[in-house]
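Quick notes on the structure that follows.
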Amino acid sequence: MTAWPIYQGTGIPHDGIEHLPSPPNWRAFDGGPNVANPAIDQDASTSRRLGSGHTRTSMPEEIQMVNAALYLRRPLLITGRPGTGKSTLAYAVAKELKLGPVLRWPITSRSTLLDGLYHYDPIGRLREENLRQLRRRTDSTDSGEDMAEDIGQHLRLGPLGTALLPYARPRVLLIDEIDKSDIDLPNDLLNVFEEGEFEIDELSRLPREVAEVEVMTADRDVHATVTRGQVACNAFPFVVLTSNGEREFPPAFLRRCLRLDMREPSAKQIHSILAAHFGPDAAVAAQQHIVDFLERRKHAEVTTDQLLNAVYLATSGSRHATGDPGSFNDMVDAVLRPVADSEPR
């Protein structure tokens, strides 16, 4: 009997991740001791992304590639036009498999690997050290524990660094718009993806008696203990990298990722998205907006979030506030203005 598929794409939370088979030996990691995943209800961004009644049905190719990434412990590179739901898929997986809040790392042209791993504030620590030196003159009980607490207050793990903690279940890490990065970042990620671990130099250089340091993480108000500066995963995170196709990636990077080309949402998916955000009755009432949107999409680049904005205006009383149906239609046309005009397909 097979456990496939773990992720079913129904949007209904379940414990199927408990039946995920052991990884292939070349993707097995042994970090520890295990850390419990935080509860997903701590993450308000999930409901913003998915809606309070999320029942989005994933396309078959999405389900196949998500499960392949889970089984093989490989990052999933998702490409597609803006508004096709690339980043939303990460939130859908986290909610259905109950993997905790999504760790999101938005990429810019200035992003570096260190930004994703951790941030250390040496200036803040220097101020604390000066105060500690003053205390030492009057208090001879200063110890290594004080040193560990001191540096831990000035070091925070980034989204990638937090995802690589030894969680019992894989965390979901969204590396958003990787195509906007500096040319070196994809290659810099390779070793971390292969080894599932990294070293925090500032902690590994501490005296031997300071073995464990409690540091801040990318999860709000959650701390983690790091031993001798080493962070190593147990369950490799489910990593989603999104790309709008604005650049090519190095072959070595592509070879270590699974790839999914995200299609535009179907009429059925769009209806379920509207139902999740506005309720089933509003989704039915917005059927004509869906038809108009799909027709517009044949000739120009319009996105699902633009449709959400238009439907919200149509259902929030804005139409009556204008006093003029024609004026309201002009407003909807402005909201649905194409992101970039394209030739008819």
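Readers should treat all values here as calculations from the given coordinates under stated rules, not as data from a laboratory. All of these numbers come straight from a predicted model, not from anything done at the bench. Glycine also receives a Cβ, built like all others from the backbone with ideal geometry; neighbour counts cover every protein chain displayed.
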Filtered residues of the stretch 244-267 (kept if out of contact with any Lys or Arg (no Cβ under 8 Å at 6 or more places or on another chain) and not in a loop (DSSP other than H, G, I, E, B)): PRO251, ALA252, PHE253, LEU254, ARG255, ARG259, LEU260, ASP261, ALA267
Meets criteria (within 26 Å of the chain's Cα centre (by Cα), among the charged types (D, E, K, R) and closer than 24 Å to PRO122 by Cα) for GLU199: yes
Which numbered condition GLY32 fails, given (1) touching a residue at least 60 places away in the same chain (Cβ under 8 Å); (2) under 30 Å from ASN309 (Cα atoms); (3) of a type in the set (Gly, Ala, Ser): (2)
Complete set of residues in the stretch 7-48 that are crowded, with 16+ Cβ neighbours inside 10 Å and either small (Gly, Ala, Ser) or not in a loop (DSSP other than H, G, I, E, B) (or both): GLY9, GLY11, GLY16, ILE17, GLY31, VAL35, ILE40, THR46, SER47
Those strands (runs of 3 or more DSSP E) lying entirely in the stretch 145-243 with at least 1 residues of a type in the set (Val, Ile, Thr) and surrounded by 19 or more Cβ atoms within 10 Å (Cβ to Cβ): 172-176, 212-216, 223-227, 230-232, 238-243
